[in-house]
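S.K.: My structure is below; once you've seen it, I'll send some questions.
All of the numbers you see were taken from the coordinates with simple rules; none came from a lab. In this text the structure is predicted, and so the values were computed from the model without any measurement. So basically every Cβ, Gly included, is an ideal-geometry build from the backbone, and we count neighbours across all protein chains shown.
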């Protein structure tokens, strides 16, 4: 794990250090910023290993960036990069296209060792999140990736929804993944599917798609957890799959859709019992999506071997 912040440096040294030690030698990029803006430069960087991948999160003042042939020769990595422009739109040019708009929320997939140049469209900084995955022949399944120039994915890109969900699972919830390396492999293959490099009918492609759709289904559960009418049909409609496929997604987890939803609602209710003393147990039960107080008490006792009131008393130290 690596954490770095320019806050630890003198203002006059921040940009130069970020440019040389971080940009040039670690990231393998060339960074440019007007000299008069350099004393105000700020940057934060965090990176951690998730399986064989490196997940990084960067927040910094706006600047121009490029990865040149010299940069690639100096710091080559033979990796697949999946990046999310969280904040701060810009323009990107590659060896194939110029002036591509990168909007907030855009996902970009590219091979690490191809040139590009980017410039910001605003001056209020940016947030960028990336998963870098080392490429192997086993992972590629015979596909070619060394000519994947950076390209933002539009909303109509096939497989974007499961790829985005897989990306969020790796970057937001890595500790919850039962097999990080398997999830890294699935994310890479979803990216290759989205860029048209893998055939959807391959068994490995189907496995990656099921994994991504499961993450997408869980994202919907988390988002709509407190909606009492949340059901498999809700998931099926939003993901464009059948009811049977929804249930099949959850089979490998050992918990059905219904049990997964109940467990998530119980965790939500348990947090509220401990942190919202002004709310009654009945209010919390209905707020968390349970359709009756009797059902709430029954499943809560089965899960935690105590009643909701006992759990609240324990949290309050009574």
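S.K.: Yes or no: the range 21-29 includes at least one residue that is more than 28 Å from the chain's Cα centre (by Cα) and in a helix (DSSP H, G or I).
M.R.: No - not one qualifying residue is present in the range 21-29.
S.K.: Follow-up. For the range 194-223, which positions are surrounded by 17 or more Cβ atoms within 10 Å (Cβ to Cβ) and assigned to a loop (DSSP other than H, G, I, E, B)?
M.R.: The answer is 195, 197, 198.
S.K.: What about residue 113, is it surrounded by 17 or more Cβ atoms within 10 Å (Cβ to Cβ) and more than 20 Å from residue 26 (Cβ to Cβ)?
M.R.: no
S.K.: Count, please, the residues in the range 155-184 that happen to be more than 17 Å from the chain's Cα centre (by Cα) and surrounded by fewer than 17 Cβ atoms within 10 Å (Cβ to Cβ).
M.R.: Here the count works out to 2.
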